[in-house]
Amino acid sequence: MSLTPDQPEQQAQAAQGLKHTIARAALGLAVFAVVTAGVVAVTQMTTAETIADNERAAQSAALAEIIPPSLHDNDLLDAAFALPPSQVLGLESADTGWRATRNGETVAVLLPVVTGKGYSGDIRLLVGIRADGSVAGVRAVKHAETPGLGDKIEARKSDWIHEFDDQTLSSVEWKVNKDGGDFDQFTGATITPRAVVGAVRQALIYFMAHRTALLAGDSETLTATRRAAKSQQDTQAPTAAGTLTPSAPSEHGGDEPHE
């Protein structure tokens, strides 16, 4: 079948039209993809900012339970300082502390402390300590203690954690009643409160040994002190009869109380 004179031109025009249609469709898809990616990116940024704001608000509220806003005029989250690893605080790696200030002076610090003596594993606490060495407040922030028994260390489950409020190293006997101390144990659960009492005491020991550096938020001094103590420990050498040379000072310069 032969083509009429007009058919090749019509076919060329049709092909050209198809190309334009495909090009417009591709351009439309590209524009749609760009717009969609932009919307997704903006949504993610907005969502991320909202999540970050919510997390910050939750952290701020948690810290405020320990050191109430009435005691300070700064934002605690903006007053974080680095803590080096510490055997006394049970910190295997670097961690974070916070300073509460009023008119530029430190009125209290918040220290993390971890004890591995819980009934079901590690218990992580935050301990607020005023500049005078008294406890501003304590909260359990992570644990796996038995529900209905050991979980009474949580402020929302029991008032027991408030027994530490206003106490100092010398104001009480830092043991549970069963061990001859001044802190209540739980009915059917002594291991958990015993561990927490010991951990809070350790936080006070650390504070008193490093009071000046902590009140200044001086992370460099805290780290340097630990390195010096570790260096002294590393240079200990065995002596005759399998004994060791006299122990080097602790990571706190040997000026902390001992059991």
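Readers should treat all values here as calculations from the given coordinates under stated rules, not as data from a laboratory. All of these numbers come straight from a predicted model, not from anything done at the bench. All Cβ positions, glycine included, derive from the backbone under ideal geometry; neighbour counts span all protein chains shown.
Here are the numbers:
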read-out	value
Extreme residue, positive dipole direction of the stretch 132-223, given options T221, T168, V200 (C-beta unit charges)	V200
Shape box of the stretch 69-121 [Cα atoms, principal axes, largest first, Å]	41, 22, 16
Relative compactness, the stretch 74-223, computed as alpha-carbon Rg over 2.2 N^0.38 Å	1.02
Segment D122-V39, length gained on full extension (0.36 nm per residue, minus Cα span)	25.5 nm
Phi to ³J(HN,Hα) by Karplus 6.51 cos²θ - 1.76 cosθ + 1.60 over the stretch 102-115, Hz, x for Gly, Pro	9, 6, x, 9, 6, 9, 6, 10, 10, 10, x, 9, 10, 10
For the stretch 199-205, Karplus couplings with θ = phi - 60° (6.51, -1.76, 1.60), whole Hz, Gly/Pro x	5, 5, 4, 4, 5, 5, 4
Under-5 Å amide H pairs with D95, H placed in peptide plane, nonlocal only	L83
Table column - 3J(HN,Hα) (Hz), the stretch 76-93, Karplus curve with 6.51, -1.76, 1.60, x for Gly and Pro	4, 5, 8, 10, 6, 9, 7, 10, x, x, 8, 5, 5, 8, x, 9, 7, 9
Amide proton proximity set for A100, modelled H, under 5 Å, gap of 5+	V107, A108, V109, L110
V141 long-range amide H proximity, modeled H, under 5 Å	R124, L125, L126
Selection of trypsin sites (Lys or Arg not before Pro), the stretch 183-215, meeting DSSP coil and at most 11 other Cβ within 10 Å	none
Ratio Rg/Rh [Cα only; Rh per Kirkwood] for the stretch 136-189	0.97
